[in-house]
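Structure record follows, encoded as structure tokens.
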């Protein structure tokens with residue numbers, strides 16, 4: 001059933017968020033340390049195990065895949081609920097700091113990528129022009 | 001006529017999540033048509049949709065004087081739920097479904113290097129900019145530097161160190177500028193910085209750190225890269241909150257004195 005997939009996904013996220021809070025608490029900070037990342041690892045491990053046991057039926061997978069395919073619309077909603085006005089009118093320090101940090105961080109990506117990176121496997125990114133149906 | 005709108009509005013408000021689904025669906029649809037028609041596929045439809053979302057968020061902020069963008073308009077409050085942390089994190093985790101574990105582990109070390117470099121570079125540059133603008137005490141410099149990390153690290157650091165509310169507000173603004181810029185610029189610079197494989201996406205997430213920026217930027221670049229960038233970005237804010245009020249503050253205080 002579809003709900004099994006969504007329940008598995010939710011269970012992984014909640015477990016991850018709790019572990020992330022606990023790590024933060026253990027470190028003495030009021031923040032979630034890697035909760036979502038831990039949840040992703042849990043999902044990968046759990047889905048792999050269930051697949052091997054033959055317990056990951058197609059409808060169950062759809063209960064997860066639906067949420068991954070609705071990712072972009074959710075990101076659009078996220079963008080629409082950001083405090084963009086505060087970002088734009090935050091004063092010169094904020095704008096300059098933001099711009100400089102973003103440029104520097106972009107520039108560091110190839111630098112660190114090349115560091116000890118001999119086996120760079122590239123993704124098959126040669127996809128045709130994206131059509132409207134692609135993410136639905 | 002006014003009465004008619006009231007009736008419509010009351011339905012929209014009561015079903016705000018459905019209103020959000022419908023509106024976002026229309027935005028995404030129009031964006032994909034625009035990408036196809038006018039940009040002949042060179043610009044990703046999702047990039048246009050995210051940009052429209054940001055513009056609408058600005059309009060919403062101006063109209064309502066609130067801080068949640070479009071979600072502050074009563075009948076569009078569902079946008080806030082749909083794009084809030086709960087469903088966003090659920091969708092991010094779902095993108096990891098089908099990813100192989102060894103792809104994460106193979107690049108684990110560069111991810112950690114990227115995280116540490118990203119956090120300290122953001123703090124350092126943010127603090128330098130703060131210094132240039134006349135904020136020359138270690139507390140303010142660390143707080144604004146934290147904002148240049150993410151808009152959560154800034155206020156957490158500032159509160160821990162007892163920074164003034166003006167400085168904390170600036171740090172939040174710096175983090176918002178960063179997140180908006182990462183969303184808009186990532187698809188543009190992606191090919192220059194080699195952002196086309198899982199390894200560079202992991203590094204990208206660790207360097208940028210802003211979950212919303214990385215989520216939006218990678219979605220607009222190549223959806224397949226999302227789980228990798230999100231994986232490292234999710235550790236960034238925690239590490240920033242950890243080192244900000246401690247290591248970074250002590251370092252800066254030993255440099256500027258006060």
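The values are calculated or read from the model by the stated rules, or taken from the named source; none is laboratory data. Everything numeric here is computed off the predicted structure, so don't read it as measured data. Because the Cβ atoms are built from the backbone with ideal geometry, glycine has one as well, and the counts that use them run over all protein chains shown.
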Looking at the range B:50-80, which of its residues are modelled with pLDDT of 90 or more and within 16 Å of residue B:184 (Cα to Cα)?
B:52, B:53, B:55, B:56, B:57, B:58
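Yes/no matrix, rows are residues, columns are (1) crowded, with 19+ Cβ neighbours inside 10 Å; (2) within 17 Å of residue B:190 (Cα to Cα); (3) at pLDDT 90 or above; (4) touching a strand residue (DSSP E or B) at 6+ places or on another chain (Cβ under 6 Å):
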{"site": "A:102", "(1), (2), (3), (4)": "yes, yes, yes, no"}
{"site": "A:107", "(1), (2), (3), (4)": "no, yes, yes, no"}
{"site": "A:113", "(1), (2), (3), (4)": "yes, yes, no, no"}
{"site": "A:118", "(1), (2), (3), (4)": "no, no, no, no"}
{"site": "A:128", "(1), (2), (3), (4)": "no, no, no, no"}
{"site": "A:136", "(1), (2), (3), (4)": "no, no, no, no"}
Residue under evaluation residue A:30, criteria (1) assigned to a helix (DSSP H, G or I); (2) at the interface with chain B (Cβ under 7 Å from one of its Cβ atoms); (3) surrounded by fewer than 22 Cβ atoms within 10 Å (Cβ to Cβ), criterion not met
(1)
Any residue in the range B:116-134 that is more than 7 Å from every other protein chain (Cβ to nearest Cβ) and within 21 Å of residue A:17 (Cα to Cα)?
no
For the range A:75-91, give me each residue that is surrounded by fewer than 23 Cβ atoms within 10 Å (Cβ to Cβ) and at the interface with chain B (Cβ under 7 Å from one of its Cβ atoms).
A:85, A:86, A:88, A:91
Find the residue count for the range B:85-105, including only residues that are under 15 Å from residue A:35 (Cβ atoms) and more than 7 Å from chain A (Cβ to nearest Cβ).
2
Can you tell me which of A:43, A:50, A:22 is farther than 21 Å from residue B:234 by Cβ, modelled with pLDDT of 90 or more and assigned to a helix (DSSP H, G or I)?
A:50
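Per-residue answers, yes or no, for (1) touching a residue at least 40 places away in the same chain (Cβ under 8 Å); (2) farther than 24 Å from residue B:211 by Cβ; (3) assigned by TED's automatic domain parsing to the domain that holds residue B:227:
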{"residue": "B:2", "(1), (2), (3)": "no, yes, no"}
{"residue": "B:14", "(1), (2), (3)": "no, yes, no"}
{"residue": "B:33", "(1), (2), (3)": "no, yes, no"}
{"residue": "B:43", "(1), (2), (3)": "yes, no, no"}
{"residue": "B:46", "(1), (2), (3)": "yes, no, no"}
{"residue": "B:56", "(1), (2), (3)": "no, no, no"}
{"residue": "B:66", "(1), (2), (3)": "no, no, no"}
{"residue": "B:73", "(1), (2), (3)": "no, yes, no"}
{"residue": "B:78", "(1), (2), (3)": "yes, no, no"}
Residue B:7 - would you say it is facing chain A (nearest Cβ under 8 Å) and surrounded by fewer than 19 Cβ atoms within 10 Å (Cβ to Cβ)?
no
I'd like the residue in the range B:191-227 that is assigned to a loop (DSSP other than H, G, I, E, B) and surrounded by 24 or more Cβ atoms within 10 Å (Cβ to Cβ) and, out of all such residues, is nearest to the other protein chains (Cβ to nearest Cβ).
B:195
Only unsatisfied item for residue B:188, checking (1) facing chain A (nearest Cβ under 7 Å); (2) assigned to a helix (DSSP H, G or I); (3) without any contact (Cβ under 8 Å) to a residue 24 or more places away in the chain, is (1)
